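Heads up, the thing below is written out as structure tokens.
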Amino acid sequence: MKGPYKFWLGIILIAILFARTGIAGDDDKNVLDSKATISAPVPVTTVSSPGRVSAIEENATFAPHGQDRHYTNGAQLAYTTSQLSDNSLFSAPIHWFSPVLFHPTTSETDNRFEWIIFGQSIFTPQDHNLSNPPLNDRPYAGWLYTGVNFIQNRDDRELTSLQLQAGVVGSWALGRQVQNITHTIFGQNKARGWAHQLSNQPGFQISWQRRWRFNHDLGGGYSWEVIPEIGLTGGNVMSYGEIGGIVRWGRGLKSNWGPDLIQPGYTGTPYFSAERGGTSWGYDIYVGTDGRVVANNVFLDGNNFQNSRSVAKEIGVADFMAGAELFYRDRLRFGFTFIARTNEFIKQHGLDQFGSFNLSFAF
């Protein structure tokens with residue numbers, strides 16, 4: 001077994017073991033306690049939901065007119081804790097960065113910690129049959145990463161998240177293997193141009209996002225709401241500023257903050273609590289948009305530290321989305337989102353479309 005395979009297999013095995021032992025500790029307590037003392041601890045409200053495992057799968061084949069090109073596949077597996085106690089080790093960054101990035105913890109805040117066990121995104125040019133793709137089309141690239149996300153829900157009116165991702169771009173990201181094995185299983189031709197993918201390099205990015213909820217109660221557990229958002233992302237993988245939001249109607253809306261999608265683009269985070277939604281089951285439909293001003297995108301600009309293929313990127317990119325989801329208690333949450341993304345580089349022929357499935361369940 002070659003080096004990169006051993007490395008990532010080890011990461012996955014450690015991830016599974018860590019998840020099995022439970023980041024949030026004892027299920028009866030559902031908190032993470034640290035021996036380190038944080039001055040002046042503030043009581044938090046009663047635990048409102050257990051820890052959760054969530055999985056996301058995004059692919060162009062899930063969209064009615066999607067084409068297997070550009071952003072061809074994204075996958076992510078994560079674990080999110082229950083509500084954290086104020087002296088939890090995983091609450092510490094929220095205290096450190098208050099009141100600049102987060103709000104001080106009070107009885108109205110619900111802090112969570114997400115561990116992205118692993119994620120992978122795959123990018124290709126339009127024509128997979130060419131062993132030497134044209135230089136004016138986006139290069140083959142893979143991005144394999146892990147990460148953490150610190151989440152604060154402030155009285156169901158405001159959500160703040162700080163996410164850090166780190167991983168590798170290039171052949172160690174295993175994009176060629178995943179795509180071609182999948183094509184073989186479904187009887188499709190293998191992509192022939194992976195010999196021209198971006199070279200191996202480490203990658204990282206840090207994202208801060210804030211959302212506000214304007215909810216209008218309709219009675220019987222039903223309501224409609226508007227959730228605007230702003231965000232900043234910086235790193236050698238991607239750097240951009242974003243603004244967007246969604247409009248939703250449904251039952252139990254306060255259980256979450258909208259669809260959990262893979263970056264870039266709108267993501268409501270994996271935060272979920274059926275108790276806060278006020279119903280044992282619920283559902284909603286939504287539409288929304290997310291606009292970004294892009295400073296750098298390694299998958300278009302090429303490798304940071306050496307020469308590689310690249311294309312001239314579009315500075316402004318927008319996503320338009322529509323979807324629906326349903327949940328049953330804290331046990332199960334399932335949703336689907338359709339996304340249309342405007343051109344990401346100058347010579348691109350038409351916008352891209354893909355679908356995103358999200359599944360999460362209590363652990």
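For the condition surrounded by fewer than 24 Cβ atoms within 10 Å (Cβ to Cβ), assigned to a loop (DSSP other than H, G, I, E, B) and in contact with a Pro (Cβ under 6 Å, 6 or more places away or on another chain), what is the one hit in ASP156, ASP137?
After applying the criteria, what remains is ASP137.
Conditions first: (1) surrounded by 14 or more Cβ atoms within 10 Å (Cβ to Cβ); (2) under 15 Å from the mean Cα position of the chain (by Cα). TRP224 passes all but one, so which condition is the exception?
(2)
Taking TRP208 and the conditions (1) within 20 Å of the chain's Cα centre (by Cα); (2) crowded, with 16+ Cβ neighbours inside 10 Å; (3) without any contact (Cβ under 8 Å) to a residue 60 or more places away in the chain, which numbered condition does it fall short on, given that it satisfies the others?
Among (1) within 20 Å of the chain's Cα centre (by Cα); (2) crowded, with 16+ Cβ neighbours inside 10 Å; (3) without any contact (Cβ under 8 Å) to a residue 60 or more places away in the chain, the lone unmet condition for TRP208 is (3).
Consider only pairs whose beta carbons are under 8 Å apart and that are at least six residues apart or on different chains; among these, list those whose first residue lies in the stretch 56-67 and is surrounded by 17 or more Cβ atoms within 10 Å (Cβ to Cβ) and whose second residue is in a loop (DSSP other than H, G, I, E, B) and of a type outside the set (Asp, Glu).
Close Cβ pairs (under 8 Å, with a partner that is in a loop (DSSP other than H, G, I, E, B) and of a type outside the set (Asp, Glu)) amount to ILE56/LEU261; ILE56/ILE262; GLU58/LEU261; GLU58/ILE262; ASN59/GLY66; ALA60/GLY66; ALA60/GLN67; ALA60/ARG69.
Would you mind finding the one in VAL298, VAL311 that is within 25 Å of ASN236 (Cα to Cα), among the hydrophobic types (A, V, I, L, M, F, W, C), in contact with a helix residue (DSSP H, G or I) (Cβ under 7 Å, 6 or more places away or on another chain) and touching a residue at least 60 places away in the same chain (Cβ under 8 Å)?
Answer to the check: VAL311.
Against the conditions (1) within 12 Å of LEU159 (Cβ to Cβ); (2) in a strand (DSSP E or B), where does VAL247 fall short? Just the number, please.
VAL247 satisfies every listed condition except (1).
Please name all residue pairs, on different chains or six or more residues apart, with Cβ atoms under 7 Å, provided the first residue is in the stretch 104-122 and is under 24 Å from GLY175 (Cα atoms) and the second residue is of a type in the set (Lys, Arg) and part of a strand (DSSP E or B).
none
When you look at PHE272, is it part of a strand (DSSP E or B) and closer than 18 Å to LEU359 by Cβ, yes or no?
Spelling it out, it is not the case that PHE272 is part of a strand (DSSP E or B) and closer than 18 Å to LEU359 by Cβ.
Anything in the stretch 314-363 that is of a type in the set (Asp, Glu) and either under 29 Å from GLY277 (Cα atoms) or in a strand (DSSP E or B) (or both)? List them, or say none.
ASP319, GLU325, ASP330, ASP352
Scanning the stretch 171-181 for residues that are in contact (Cβ under 8 Å) with a residue 12 or more places away in the chain and surrounded by fewer than 22 Cβ atoms within 10 Å (Cβ to Cβ), which turns out farthest from ARG211 (Cα to Cα)?
By that ranking, first place goes to ASN180.
Looking at the stretch 211-221 only, could you name the residues that are outside any strand (DSSP E or B) and surrounded by fewer than 18 Cβ atoms within 10 Å (Cβ to Cβ)?
Correct list: GLY220, GLY221.
Take the residues in the stretch 280-319 that are over 29 Å from GLY170 (Cα atoms) and surrounded by fewer than 19 Cβ atoms within 10 Å (Cβ to Cβ), then tell me which one is modelled with the lowest pLDDT.
SER280
Find all pairs meeting these conditions: Cβ atoms under 8 angstrom apart; at least six residues apart or on different chains; first residue within the stretch 81-103 and over 25 Å from SER54 (Cβ atoms); second residue in a helix (DSSP H, G or I).
none
The values are calculated or read from the model by the stated rules, or taken from the named source; none is laboratory data. Since this is a predicted model, take the numbers as computed values, not measurements. Neighbour counts are summed over all protein chains in view; Cβ atoms, including those assigned to glycine, are modelled from backbone coordinates with ideal geometry.
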